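Written out below as structure tokens is the structure these notes cover.
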Amino acid sequence: MKVTNAEFVISAVGPKQYPEDGLPEIALAGRSNVGKSSLINRMIQRKNLARTSSTPGKTQHLNYYRINEELYFVDVPGYGYAKVSKTQREQWGKMIEQYLQERETLRLVLQIIDLRHPPTKDDELMYDWLKAFDLPVCVVATKADKIPKSRWQKHMKIVREGLALRAGDPIVLFSSEEGTGKDELWALISQHVKAEESGREEGTDVSEDPVRNSVETDG
Ligand code: GTP
Ligand code: MG
């Protein structure tokens, strides 16, 4: 996909602020500091549209970026950042849960994992949670530039096994630094954007929430 226009739209805390134009949404979930915002910037070839930082917890709301009047990237605050109060964590939980559970225009969640390390407990919980909501997930293993190419496949296997990746869920090797995986990821996103059905199955019982209050957040 050729990105001709990308703009920041809104930093939302709840449904009242979600855009109402019905464009499909691609959400990014992942540990704090894993590289979610950097991935957005690489995908749209802009240095700093999505704010990045070496300090964890930079992204605190649902940040909407509109791409080509075709879709939104929704940058979701990272989890797993210890320095956050219980109250903040609960607020985060509610905000994310409401979004993931109810947003009808959500087409795909990109779960971002650090290729260098095995998935954390929080990564596993997040992936299981997304699957409990019947959301299509694409795992993106990022920071590939930080390890030698000869070890990529070994690390990919560790990520796949650590998450117990479900059949049909793709995994893409990525580097925001070098652009590795960008075309492959755009191809996947395009498929989901074009698909008429959101992929979310109707009538699924999501009342059993495996991770509420247990995924730590960076608030
Ligand atoms: P929060 O908003 O705090 O949840 O973080 P985030 O997931 O948005 O991470 P962000 O994109 O801000 O990146 C965190 C740090 O990792 C920054 O210092 C980035 O430069 C670095 N980083 C992100 N992606 C890559 C990558 O692919 N390669 C390398 N080498 N560094 C990366
Ligand atoms: Mg961020």
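The values are calculated or read from the model by the stated rules, or taken from the named source; none is laboratory data. None of these values were measured; they are calculated from a predicted model. Positions of Cβ are backbone-derived with ideal geometry, glycine not excepted, and every protein chain shown enters the neighbour counts. Please note that ligands, DNA and RNA were not included when accessible areas were found on the heavy atoms of the full protein model with its side chains. Shrake-Rupley method; radii C 1.70, N 1.55, O 1.52, S 1.80 Å.
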The chain: most fluctuating residue of VAL140, VAL34, VAL84 per GNM, C-alpha cutoff 10 Å: VAL84
For the chain, built as a Gaussian network whose Cα springs stay under 10 Å, the top-fluctuating residue of TYR79, TYR127, TYR18: TYR18
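How large is the accessible surface per residue of region 12-107, computed with a 1.4 Å probe and reported in Å² as a whole number?
I get 46 Å² per residue for region 12-107.
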Cα gyration tensor shape of region 79-196, rounded if a/c is under 1.5, else prolate or oblate by comparing a/b with b/c: oblate
CD proxy at 222 nm, helix term only [per DSSP H run n ≥ 4: -39500 (n - 2.57); per residue of the chain; nearest 500]: -9000 deg cm²/dmol
Percent accessible area from carbon and sulfur atoms, the chain, protein chains only, probe 1.4 Å: 45 percent
In Å², nearest 10: area of VAL137 left accessible to a 1.4 Å probe: 0 Å²
GNM result for the chain, Cα springs below 10 Å: residue of GLN153, GLN111, GLN101 fluctuating most strongly: GLN153
Highest to lowest packing among 177-187, 22-32, 38-48, scored as the average C-beta count within 10 Å: 22-32, 38-48, 177-187
Prolate/oblate/rounded call for the chain, Cα gyration tensor, a/c under 1.5 rounded: rounded
